[in-house]
Structure formats: structure tokens, C-alpha cells
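The values are calculated or read from the model by the stated rules, or taken from the named source; none is laboratory data. Nothing here was measured: the structure is a model prediction, and the numbers come from that model. Methodologically, a virtual Cβ is constructed for each residue, glycine included, from the backbone with ideal geometry; neighbour enumeration extends over all protein chains shown.
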Amino acid sequence: MNEDKLERLAARLRGSSRVTILTGAGVSAASGVPTFRGTGGLWRQFRAEDLATPTAFSRDPLLVWEWYAWRRELIAGCRPNPAHEVIARWSRTFNRCMVVTQNVDDLHVKAGTANLVRVHGSLWELSCWVECGALPWRDEAVPLETLPPSCPACGGLARPAVVWFGESLPQHAVAEATEACECEVFLTIGTSAVVYPAAGLVHEARRRGAFTAEINLEPTPASDAVELAIHGPADQLLPDIAKRLTP
Ligand code: BV8
Ligand code: ZN
């Protein structure tokens with residue numbers, strides 16, 4: 001069933017010089033990073049939408065930081081999987097291949113991905129909650145020195161430098177991601193396609209005339225909007241497609 005779809009996608013990619021890839025938590029699943037909306041993605045009795053918000057953080061910064069500290073500790077031991085590796089290779093192979101990720105685990109960074117746009121930020125970066133003017137800083141300490149951590153510039157409360165629900169994405173990231181919709185093939189991989197504005201990109205790419213394809217374990221709201229929906233694990237399907245590209 002997937003055989004001819006994989007061949008069709010490979011044929012499209014072979015003839016393209018501008019490719020854009022959107023990734024979600026499904027790309028990191030094989031690395032052992034829990035997804036948000038699949039099984040195992042939950043933490044204690046909370047959902048991401050309950051904790052990844054400025055309101056939750058102002059109400060209980062320690063609880064939200066315990067969730068992030070748990071995720072940092074778990075992800076610190078995770079390595080890029082074959083899906084990250086193929087995407088990193090493609091980011092350097094095509095004439096221009098942009099990789100737009102919703103993931104905050106930085107596994108695309110670890111895999112050496114070029115032209116990476118991290119629209120939701122990074123678990124490994126912190127910023128000043130009181131917005132004293134300090135620029136976001138990287139802190140990969142596991143465990144964190146103090147919980148909750150404080151801003152090195154003003155001593156105030158620090159926050160994870162990620163985009164929470166109800167917060168706008170960084171202007172530059174939105175601009176780069178939107179510009180990346182100008183492409184010949186737009187590939188959405190491992191995302192449930194429910195979080196906006198990232199989930200809107202595949203529609204924007206289609207509107208601009210790109211060939212759109214989805215690789216995901218299960219159908220999503222994007223499946224009916226793309227020209228080609230391939231259901232299966234990205235860590236197996238991407239190496240298969242990559243093999244078809246190198247004669
Ligand atoms: C904003 C960072 C303006 C933190 C995250 C328009 C319409 C509807 C709603 C909205 C809208 N505009 C704004 C909203 C509200 C909201 C939203 O979209 N809500 C949803 C839930 C309905 N959006 C926002 O608030 C955004 N801000 O729009 O600003 C604004 C300003 C003020 C007021 C209003 C609006 C900000 C969104 C960013 C939120 N931050 N994360 C953190 O991570 O801690 S989102 C979070 O979800 C993660 O970043 C994650 O990446 C993202 C998306 O999840 P997925 O990556 O798709 O992961 P998921 O688990 O859902 O799915 C994984 C998929 O992989 C599954 O389908 C599974 O089957 C598949 N899979 C599993 N294993 C594999 C696999 N596939 C392949 N291979 C495998 N092996
Ligand atoms: Zn500060």
C-alpha cells in the first residue's frame with residue numbers, strides 16, 4: 001500500500017530543488033521523547049495545554065518548572081534517530097531545504113540540521129520572566145542548579161524560552177516559516193496538525209502551488225488537505241525514501 005506512495009514522493013523529491021519540511025513530536029518519538037497527544041506523552045495528570053501557558057506559570061512557576069526539568073532530564077539521554085539523520089542530510093542536499101520544527105528538544109540541532117527554524121523555541125534555553133532586557137541564554141545543566149532557576153542579569157524568575165499557548169511565535173520565525181512555504185515540495189512529518197499557526201503552513205504551501213505530502217503514524221486533519229498522505233513510522237519511512245533518492 002505504501003510502496004507506490006513512497007515511489008511517488010521519491011519521484012517528486014528527485015525533481016525538486018526547493019523542499020520544506022515541517023516536523024512535530026512524532027519525529028522524536030523513536031528517540032524516546034514522549035509525544036504530546038499520543039500515549040505516554042502525559043506527565044502526572046497534566047496535559048501540555050494545562051502547563052505550557054503563561055497563566056499556569058504565573059500561578060505555579062515551580063510546578064511548571066518541575067515538568068520542564070522532568071522533560072530536560074529525559075531528553076538529555078535521547079539521541080537523534082534515523083528520521084532526524086535523513087532530514088539533516090536532506091537539509092544539506094537539496095538546493096534549498098528549510099526545516100521548520102515545532103519540537104523544542106533540539107534533536108534536529110544535535111543531528112546537524114541546516115536551515116533550521118525552531119518556531120516554538122528550545123527546552124535548553126531560558127529567558128527572563130520579568131523581561132529585564134537580558135537576552136535568552138542556554139543552560140543545559142541536568143539537573144538545573146536551582147528550581148525554579150533565576151535570571152543571571154537581574155536575579156528574577158527565569159522561564160523556559162519556549163512559546164506557550166496564547167503566546168505569539170517570534171516574528172522572525174513566523175517570517176522564515178512563511179517564506180519557506182514558497183517551495184516545490186512541502187513535507188509535514190510527525191505532527192498531529194492541531195497546533196496553530198504551525199499547522200497552517202501546509203495549507204499556505206499548497207495555496208502557493210507546492211506538492212504537499214504528510215508522513216505520520218496516523219491520519220491527522222492535514223491528511224485530507226495534502227496530495228499524498230503516507231501513514232507509518234517516520235524513522236522507517238524516511239530512510240526508505242532516502243534510499244530511493246540515491247541511485
Ligand atoms: C499563537 C512549546 C497568537 C512548549 C507548544 C487558530 C486556530 C485554533 C487555535 C489557535 C489558533 N491560533 C492560536 C490558537 C491557540 C493555540 C492552538 O493552536 N491551540 C491548539 C491546541 C488548538 N495556539 C497558540 O496559542 C500559539 N500562539 O497562535 O499566538 C495568539 C496570541 C494570543 C492569543 C491567541 C493567539 C502557540 C502555539 C505553541 C504552543 N507551544 N510547545 C513546549 O513544548 O513545552 S505546542 C506543542 O504542541 C509542542 O511544541 C508540539 O510540538 C506542538 C504540536 O504537537 P505535535 O508536535 O504535533 O505533537 P503531537 O503529540 O500532537 O503529535 C505527534 C504526532 O506524531 C501524532 O499524530 C502521532 O501519531 C505521530 N507519531 C508518533 N510517533 C510517530 C509519529 N509519526 C511518525 N513516526 C512516528 N514514529
Ligand atoms: Zn532578568
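Looking only at residues of the range 118-163 that are surrounded by fewer than 15 Cβ atoms within 10 Å (Cβ to Cβ) and more than 12 Å from ligand 2 (Cβ to nearest atom), we find that the one that is nearest to Thr53 (Cα to Cα) is Leu147. Restricting attention to the range 11-50, which residues are at pLDDT 95 or above and more than 15 Å from ligand 1 (Cβ to nearest atom)? Hits for the range 11-50 are Ala11, Arg12, Leu13, Arg14, Ser16, Ser17, Arg18, Val19, Thr20. Which number in (1) among the polar types (S, T, N, Q); (2) within 14 Å of ligand 1 (Cβ to nearest atom); (3) over 25 Å from Ala193 (Cα atoms) marks the one condition that Asn95 misses? Unmet for Asn95, out of (1) among the polar types (S, T, N, Q); (2) within 14 Å of ligand 1 (Cβ to nearest atom); (3) over 25 Å from Ala193 (Cα atoms): (2). Of all the listed residues (Ala177, Ala158), the sole one being over 30 Å from Ala229 (Cα atoms) and at pLDDT 95 or above is Ala158. Within the range 168-183, at least one residue is more than 28 Å from Trp124 (Cβ to Cβ), buried (at least 16 other Cβ atoms within 10 Å of the Cβ) and touching a residue at least 12 places away in the same chain (Cβ under 8 Å). Of all residues in the range 53-67, those that are modelled with pLDDT of 95 or more and under 19 Å from the mean Cα position of the chain (by Cα) total 1.
Hey, does the range 57-68 have a residue that's outside the structural domain of Glu218 (by TED's automatic domain parsing), outside any helix (DSSP H, G or I), over 30 Å from Ser16 (Cα atoms) and touching a Leu at 6+ places or on another chain (Cβ under 6 Å)? No.
The residues of the range 114-132 that are away from ligand 1 (no atom under 16 Å from the Cβ) and outside the structural domain of Asn103 (by TED's automatic domain parsing), listed by number, are Cys128, Val130, Glu131, Cys132. The set of residues in the range 98-127 that are of a type in the set (A, V, I, L, M, F, W, C) and assigned to a helix (DSSP H, G or I) comprises Leu107, Val109.
Selection of helices (runs of 4 or more DSSP H) fully inside the range 133-247 by the criterion of at least 3 residues being more than 16 Å from ligand 1 (Cβ to nearest atom) returns 201-207, 234-245.
Of the residues Leu107, Leu147, only one is in contact (Cβ under 8 Å) with a residue 60 or more places away in the chain and touching a Cys at 6+ places or on another chain (Cβ under 7 Å); which? Even if it seems obvious, please write down each step before you answer.
Numbers: Leu147 fails: touching a Cys at 6+ places or on another chain (Cβ under 7 Å).
On inspection, the qualifying residue turns out to be Leu107.
In the range 57-67, the condition of being touching a Gly at 6+ places or on another chain (Cβ under 7 Å) and within 15 Å of Pro160 (Cβ to Cβ) is met by no residue.
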